Amino acid sequence: MEHQLASQEWRPHVLAVPFPAQGHVMPLMKLCRKIADQGIKVTFVNAEHIHAKVLAAMSDEDKNQHCIELTSIPDGLQTEEDRKKGLIESLRRTIPRNLTRLIEKINCENSDEKISCVIADTTLIGWIHDVSQKMEAELVAFQPGAAADIALILQIPKLIQDGNLDTNGFVMKNDFINLSNEMPPWRRNELPWIVSSDLKDQKIVFECCQIAQQAVHQYTKWLLCNTFYELESSACNLIPNFCPVGPLFCSKISKSPASSGSILAEDTTCLSWLDKQKIGSVIYVSFGSLAILSQDQLNEIALALELSDRPFLWVVRSNLANKNGFLARVAERAKIVEWAPQEQVLSHSSIGCFVSHCGWNSTMEGLSMGVPFLCWPYFLDQFHNQNYICDMWKIGLRLNIDENGLRSSHEIKRKIEMLFADNSIKANALKLKDMARKSVSESGSSLQNFETFIDHLKK
Ligand code: UDP
């Protein structure tokens with residue numbers, strides 16, 4: 001309202017700031033494209049190295065038709081090795097200054113389209129609220145993971161106070177944390193800040209969660225999330241100002257044709273390969289952008305896929321596929337790519353199951369397409385997502401780990417067969433797909449939330 005009085009010409013302008021990792025960039029980009037479809041100007045700011053990769057992965061057509069301004073700021077680091085060690089610390093140090101400069105520059109160049117709203121990843125808002133306040137832009141939080149995840153993070157002070165957690169994020173009192181009987185509990189090793197066995201790493205991530213908790217609590221009136229109310233109602237009910245707007249779909253489904261923020265070029269040849277396979281026959285295997293599997297573990301998967309006698313599409317960035325004649329033996333029924341257009345793959349009628357690391361984006365994509373899961377969590381929130389999939393929604397199976405710490409080829413093959421034979425899992429998956437579609441269709445909960453948010457942005 002104030003803006004409207006200030007200038008007849010005033011137009012909202014959103015600045016979106018994701019955490020620099022694939023699983024954070026993609027859902028925020030999808031949200032931004034929906035916002036831009038509503039005629040609102042959006043500038044999307046990536047860390048420089050991510051920005052370069054997003055541009056390199058975009059087709060020329062995408063670049064020409066892109067409805068969002070893409071820009072970048074430095075993250076203060078030079079190499080991938082530095083990033084592995086010090087990304088969070090460097091972002092904390094550099095984001096406030098770099099973002100302030102960027103907003104000043106944008107505002108100076110666009111006096112009728114100054115940044116009016118900053119939508120920032122929940123991981124970053126603790127370092128951004130001062131900037132947005134100074135620049136007179138509203139701060140909105142975006143949670144790319146589950147509602148359960150942020151519900152747990154928002155409870156951290158209470159969990160410490162009640163003696164359930166210590167100040168490093170370790171479970172103290174019971175063997176698990178339970179926020180509601182309608183949500184899976186978190187066992188000791190399933191908390192979203194458990195990133196490795198290194199205590200130092202865990203402390204950094206836990207501290208980051210605490211900063212996010214304080215900032216969400218104090219500085220934001222809107223917390224947008226890539227989930228839908230019917231999927232996680234008890235988690236949603238625990239969070240003030242919560243606004244689920246998912247599932248967020250990519251370009252091929254939304255109106256505008258541009259990129260979904262992928263940082264690797266998608267190998268679309270797998271789509272024509274899928275066209276040639278029987279309906280519901282293909283095993284799709286993908287572990288997202290971060291999980292690293294040992295050579296022994298990759299060998300077990302390869303053997304399981306070979307023994308399964310089913311067609312499979314495997315996203316793998318290792319050279320394993322050329323070893324031991326594996327590729328030659330499975331050539332008839334296999335497709336191996338370095339990066340797939342995953343949403344399109346999952347929506348293809350030939351897909352029969354999804355062997356997944358259960359990253360939240362993959363979880364939302366698989367369930368929105370009605371695909372049963374074989375769960376292979378790696379770290380962070382992925383164990384809790386597995387519990388949702390297997391215990392709460394009953395749309396997948398988990399894999400047992402053997403005495404060598406591996407998911408054996410025998411176990412993988414056995415569970416794949418069980419999954420293909422299980423009609424109730426398939427029926428549950430189709431029910432969830434229907435619920436997901438309804439939530440973003442006319443009068444659906446997520447669509448209504450999104451429209452309310454857009455009305456707010458335009459005021
Ligand atoms: N993805 C993709 N092509 C692939 C593998 C993954 O486009 O070959 C996308 C996938 O659709 C998802 C994102 O990468 O949107 C991965 O996010 P997720 O939260 O599942 O896992 P993360 O990479 O963060 O572990």
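The values are calculated or read from the model by the stated rules, or taken from the named source; none is laboratory data. These numbers come from a predicted model, not from an experiment. Every residue, glycine as well, gets a Cβ built from its backbone with ideal geometry; the counts of neighbours run over all protein chains shown.
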Just to be sure, is ALA120 within 26 Å of the chain's Cα centre (by Cα), crowded, with 18+ Cβ neighbours inside 10 Å, closer than 22 Å to ILE204 by Cα and in contact (Cβ under 8 Å) with a residue 60 or more places away in the chain?
-> yes
Can you find even one residue in the range 361-381 that is within 11 Å of the ligand (Cβ to nearest atom), surrounded by fewer than 23 Cβ atoms within 10 Å (Cβ to Cβ) and more than 30 Å from ILE150 (Cα to Cα)?
-> no
Just one listed residue, out of VAL17, VAL25, is closer than 28 Å to GLU266 by Cα, buried (at least 23 other Cβ atoms within 10 Å of the Cβ), modelled with pLDDT of 95 or more and away from the ligand (no atom under 16 Å from the Cβ), and it is VAL17
Counting only residues that are surrounded by fewer than 18 Cβ atoms within 10 Å (Cβ to Cβ) and either free of Cβ contacts under 8 Å to residues at least 12 places away in the same chain or within 23 Å of the chain's Cα centre (by Cα) (or both), the range 405-430 contains a total of 6
Say whether the condition of being in a loop (DSSP other than H, G, I, E, B), within 16 Å of the ligand (Cβ to nearest atom) and modelled with pLDDT under 95 is met by at least one residue in the range 227-237.
-> no
Exactly one of (1) within 16 Å of the ligand (Cβ to nearest atom); (2) in a helix (DSSP H, G or I); (3) out of contact with any strand residue (DSSP E or B) (no Cβ under 8 Å at 6 or more places or on another chain) is unmet by GLN218. Its number?
-> (1)
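Here is a yes/no grid of residues against (1) hydrophobic (A, V, I, L, M, F, W, C); (2) within 18 Å of LYS459 (Cα to Cα):
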{"site": "SER111", "(1), (2)": "no, yes"}
{"site": "VAL118", "(1), (2)": "yes, yes"}
{"site": "ASP121", "(1), (2)": "no, no"}
{"site": "GLY126", "(1), (2)": "no, no"}
{"site": "ASP130", "(1), (2)": "no, no"}
{"site": "VAL140", "(1), (2)": "yes, yes"}
{"site": "ASP149", "(1), (2)": "no, no"}
Does GLN202 satisfy the condition of being under 23 Å from the mean Cα position of the chain (by Cα), within 16 Å of the ligand (Cβ to nearest atom) and either surrounded by 14 or more Cβ atoms within 10 Å (Cβ to Cβ) or at pLDDT 90 or above (or both)?
-> no
Those residues that are surrounded by fewer than 18 Cβ atoms within 10 Å (Cβ to Cβ) and either within 15 Å of GLN22 (Cα to Cα) or of a type in the set (A, V, I, L, M, F, W, C) (or both), I need them from the range 68-82; list them, please.
-> GLU80
Quick one: how many residues across the range 56-79 are closer than 30 Å to ILE204 by Cβ and without any contact (Cβ under 8 Å) to a residue 24 or more places away in the chain?
-> 4
Here are some residues: ILE115, ILE160, ILE150. Which one is more than 26 Å from HIS357 (Cβ to Cβ) and either crowded, with 21+ Cβ neighbours inside 10 Å or within 20 Å of the chain's Cα centre (by Cα) (or both)?
-> ILE115
Which residue, of VAL316, VAL355, is crowded, with 22+ Cβ neighbours inside 10 Å and within 15 Å of the ligand (Cβ to nearest atom)?
-> VAL355
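Restricting to the range 175-197, name every residue that is part of a loop (DSSP other than H, G, I, E, B) and loosely packed, with under 12 Cβ neighbours inside 10 Å.
Correct list: ASP175, ASN178, ASN181, GLU182, SER196, SER197.
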When only residues in the range 255-287 that are at pLDDT 95 or above, among the small types (Gly, Ala, Ser) and not in a helix (DSSP H, G or I) count, which is surrounded by the most Cβ atoms within 10 Å (Cβ to Cβ)?
-> SER286
Quick check: anything in the range 88-99 within 16 Å of the ligand (Cβ to nearest atom) and in contact (Cβ under 8 Å) with a residue 24 or more places away in the chain?
-> yes
Output for the range 340-352, where each listed residue is more than 9 Å from the ligand (Cβ to nearest atom) and buried (at least 23 other Cβ atoms within 10 Å of the Cβ) | ILE351
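Do you know which of the residues in the range 382-404 that are within 24 Å of the chain's Cα centre (by Cα) and among the polar types (S, T, N, Q) is surrounded by the most Cβ atoms within 10 Å (Cβ to Cβ)?
ASN385
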Hey, among ILE160, ILE125, ILE150, which residue is of a type in the set (A, V, I, L, M), closer than 19 Å to GLN382 by Cα and either in contact (Cβ under 8 Å) with a residue 40 or more places away in the chain or more than 16 Å from the ligand (Cβ to nearest atom) (or both)?
-> ILE150
